Amino acid sequence: MAEHLMGPEHFELFGWAHDVELSPDARRLVWSEISMDVAEDRPVMGLMIAPSDGSEAPRLFTNGPTDFSPRFSPDGRSLAYLSASDGPPALMIAPLDGGAPTKVAGPGPVGSAEWSPAGTSLVLVVEVRDETAVEGPAAANAPTVVRGVSQRRDGEGWHRGRRHLFVYDVATTQLRRLTRGDYDHHSPCWSPDGKTIAFLADRQAGHDHRLGCEDLWRIPASGGRPQRITRGIGSAGLPSYSPDGRLIAFSGVERRADLYDCDTRLLVVDATGSESPRRLVPGLDRPVTFRLGPSRTYAWLGPDEIAFNVVDAGTISLWRARISDARPRPIVTGDLQATGLTVAGRGRAQRIAYEAAWVDTPSEVFTVSPTGASLVKVSRAGERLASAVRLLGATRHTATAPDGLSVEYFLMSAASAPARRSRDAASSQRSARSGRGRPAPGPLYMDVHGGPSLYNPISQLFPYYQALAGAGYSVVLPNPRGGIGYGESFRQLSIGDWGGADYADLMACCDDAVARGLADGRRQFVGGYSYGGFMTSWIVGQTDRFDAAIIGAPVVDHVSLFGTTDIPWFLAASLRGDPWSEPDEVRYRSPLTHLPNVTTPVLLHVNEGDLRCPHGQADELYAGLVWLKKKVEYVRYPGGSHLAFFPMAGMPSQSRDRAARFLEFLGRHGGKRVS
């Protein structure tokens with residue numbers, strides 16, 4: 001077992017398995033695996049394939065560099081996938097017994113593809129440019145006519161067309177358009193008889209000024225007029241027909257008024273739309289079908305039973321329930337975050353494939369029976385990293401906020417790392433809850449998660465956690481009020497109170513870690529990204545307890561952010577107001593207002609392509625701190641998006657530079673010195 005702890009120089013070693021797909025007979029698995037191409041300075045996504053029982057080593061099916069969303073044909077002989085390796089995403093179809101893939105020509109970038117039940121066709125989501133779009137050399141210089149607030153999206157940029165459904169006939173190679181109109185259509189799924197396609201769309205007035213308010217629709221696969229199944233619900237996502245075609249499941253929120261205030265639920269509705277949607281396991285007070293990426297988060301096990309993921313106190317586990325069940329039953333629980341799953345096979349041969357990660361484990365692909373038995377790890381994405389370094393685990397602790405609320409946090413420390421677990425069928429016990437062992441106190445580093453409707457730890461950020469803990473810091477990962485996984489009422493406690501009781505929760509976690517002897521109270525540091533960047537900016541304007549602060553993609557001026565972010569609706573809901581209805585409150589809740597109080601040295605970092613928390617927010621913070629003669633350093637990374645902070649989504653050189661820069665900055669301000 002390796003004894004070296006992880007540092008910035010090891011970021012290039014990790015792999016990340018995701019977007020898993022089971023063959024129809026459940027005997028094979030395919031997934032997209034991310035690795036780092038240091039020579040080209042980019043993440044590479046290729047497709048891997050392996051027997052689902054783990055009996056053979058995975059083999060490379062495609063080289064990438066950008067291949068994703070694999071889908072087995074119903075007969076198991078072909079694989080459809082999307083590739084952006086030589087241009088905009090396009091549909092590829094490859095024979096599994098060997099041979100070159102076929103590229104399907106289309107009128108625009110392809111967003112998704114799903115096989116028909118008979119395997120004779122696929123339904124595609126294609127972004128079609130406006131008919132008036134400029135062609136030829138002038139196209140690059142053509143203006144963008146803004147049609148709505150939701151036209152600009154982080155990670156995608158300005159949309160210049162509409163997403164429509166097309167049906168591709170495999171035998172004739174013909175592509176037939178299915179939807180029309182000045183609307184976006186996406187997330188299609190076939191009925192089991194292949195006659196109908198359900199999809200999501202917001203086709204109501206004002207749709208260009210909303211985001212995430214789609215209804216569920218259906219349309220004959222042969223063409224025709226779309227019919228609306230749900231009417232004015234809050235949101236809908238990931239629709240899927242039941243095996244008998246009677247029901248359609250989807251993730252969402254029932255009321256539009258609750259869109260940003262409530263946890264995501266798994267809902268089912270009659271496929272004809274004759275009844276209102278109803279919740280699966282209505283008494284389960286936890287987010288269901290949560291995801292940070294493209295992976296599917298639930299799957300039908302039978303005509304009336306579904307497997308799904310649940311966010312609970314920092315973990316994301318797999319459960320199952322029948323439509324009529326009051327309580328779910330566990331499949332895989334424990335110290336993991338399972339963010340995608342798929343189901344195939346029948347009877348005793350039925351298997352669930354899922355992807356899971358944790359603070360000491362890059363995302364890997366596993367298979368398990370619906371009862372939780374016969375768990376097998378199939379992928380080997382993390383082997384290079386695991387052979388080079390010793391990855392540290394985490395312990396779980398509980399602090400008490402000033403108002404008496406219990407607030408959990410995780411702690412990572414090289415001196416007290418819990419024993420590495422094997423993820424088998426017995427992994428349902430949460431070893432992290434015990435918090436056994438007392439670490440030799442290292443400098444405290446608190447990392448505040450984004451959201452605020454997220455959680456700690458965020459497994460996609462595990463390389464940063466490992467680098468900090470490996471350098472000798474006691475890394476505190478708090479879950480203050482406003483986060484998810486502790487009940488919907490807990491999530492709602494920060495609404496209208498950013499920087500209030502959530503700030504007190506964070507201070508209580510730091511106090512608790514110091515009082516327990518888990519961290520050195522004489523040297524304390526803080527950092528965060530997105531909402532965590534807001535909170536870190538807020539913290540340094542409220543207290544001088546921290547020796548230095550690292551602020552990523554911050555929110556510092558709610559007035560300017562309201563007009564520049566791609567999600568102004570979320571901001572208004574979180575603040576319970578906007579710059580015009582609550583000008584004094586909005587200004588008070590902006591960290592920029594409190595900059596004169598700052599005494600803490602600050603390191604700022606952003607991606608210039610971020611449209612969620614645009615770099616203008618960091619620009620304002622930097623200019624204000626410079627004007628007020630405060631200690632501040634500022635680093636801007638070209639390109640990227642809001643999620644490019646995740647090492648598996650960003651450029652290897654940028655991720656490595658970030659981690660090294662963090663450690664060097666902290667070392668100069670009283671932390672651990674790095675060579």
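Heavy atoms of the protein only, probe of 1.4 Å, neighbouring chains included. What is the accessible area of residue 92 in Å², nearest 10?
30 Å²
With a cut-off of 8 Å between alpha carbons and a minimum separation of six or more residues, what is the relative contact order of the range 288-347 in percent?
34 percent
What is the list of residues in the range 469-484 whose amide nitrogen lies under 19 Å from a point 7 angstrom out from the Cα of residue 279, following Cα to Cβ?
Under 19 Å, as judged by backbone N against the label point of residue 279, lie 482-484 of the range 469-484.
When only the heavy atoms of the protein chains count and the probe is 1.4 Å, how do 291, 673 rank by accessible area, highest first?
673, 291
Considering the dipole of the range 158-317 built from charges on the beta carbon (Lys and Arg +1, Asp and Glu -1) around the Cα centre, which of 280, 242, 175 is farthest to its positive end?
Toward the positive end, the furthest listed residue is 175.
Can you tell me what percent of all Cα-Cα pairs in the range 135-230 are more than 17 Å apart?
More than 17 Å apart: 58 percent of the Cα pairs in the range 135-230.
Relative contact order for the chain using alpha-carbon pairs under 8 Å, separation at least 6, rounded to a whole percent?
Once divided by the residue count of the chain, the mean separation gives 11 percent.
Calculate the length of the line joining the C-alpha centroid of the range 206-222 to that of the range 341-375, in whole Å.
If we compute the Cα centre of each part, the gap is 32 Å.
Please list, or write none, the lysines whose alpha carbon is within less than 21 Å of the alpha carbon of residue 672, excluding same-chain residues fewer than 8 places away.
631
Any chance you could look up the accessible area of residue 16 with a 1.4 Å probe, heavy atoms only, rounded to 10 Å²?
20 Å²
Given all pairs of different Cα atoms, what value in angstroms does the Kirkwood hydrodynamic radius of the range 191-264 take?
When all Cα pairs of the range 191-264 are included, the Kirkwood radius is 13.0 Å.
Report P(r) for the range 1-152: all Cα-Cα distances, bin width 10 Å, range 0 to the bin holding the largest distance, values in whole percent.
Bin by bin from 0 Å, the calculated values are 9, 31, 28, 20, 10, 2, 0.
Principal axes first, then extents: for the Cα atoms of the chain, list largest minus smallest coordinate on each axis, whole Å, largest first.
Principal-axis extents of the chain (Cα, largest first): 70, 56, 52 Å.
Over the Cα atoms of the range 520-675, compute the convex hull volume and normalise it per residue, giving Å³.
Per-residue hull volume (Cα only) is 115 Å³.
Any idea how far the Cα center of the range 601-659 sits from the one of the range 44-104, in Å?
The range 601-659 and the range 44-104 have Cα centres separated by 35 Å.
Could you look at the chain and say what percent of its accessible area is carbon and sulfur, using a 1.4 Å probe and all protein chains?
Solvent-exposed carbon and sulfur of the chain make up 50 percent of the total.
The values are calculated or read from the model by the stated rules, or taken from the named source; none is laboratory data. As the structure is a computational prediction, the values presented were derived from the model and not from experiment. Here the Cβ is made from the backbone with ideal geometry for all residues, glycine too, and neighbour counts use every protein chain on show. What goes into the accessible areas is simple: the full protein's heavy atoms, side chains included, and nothing from ligands, DNA or RNA. Shrake-Rupley method; radii C 1.70, N 1.55, O 1.52, S 1.80 Å.
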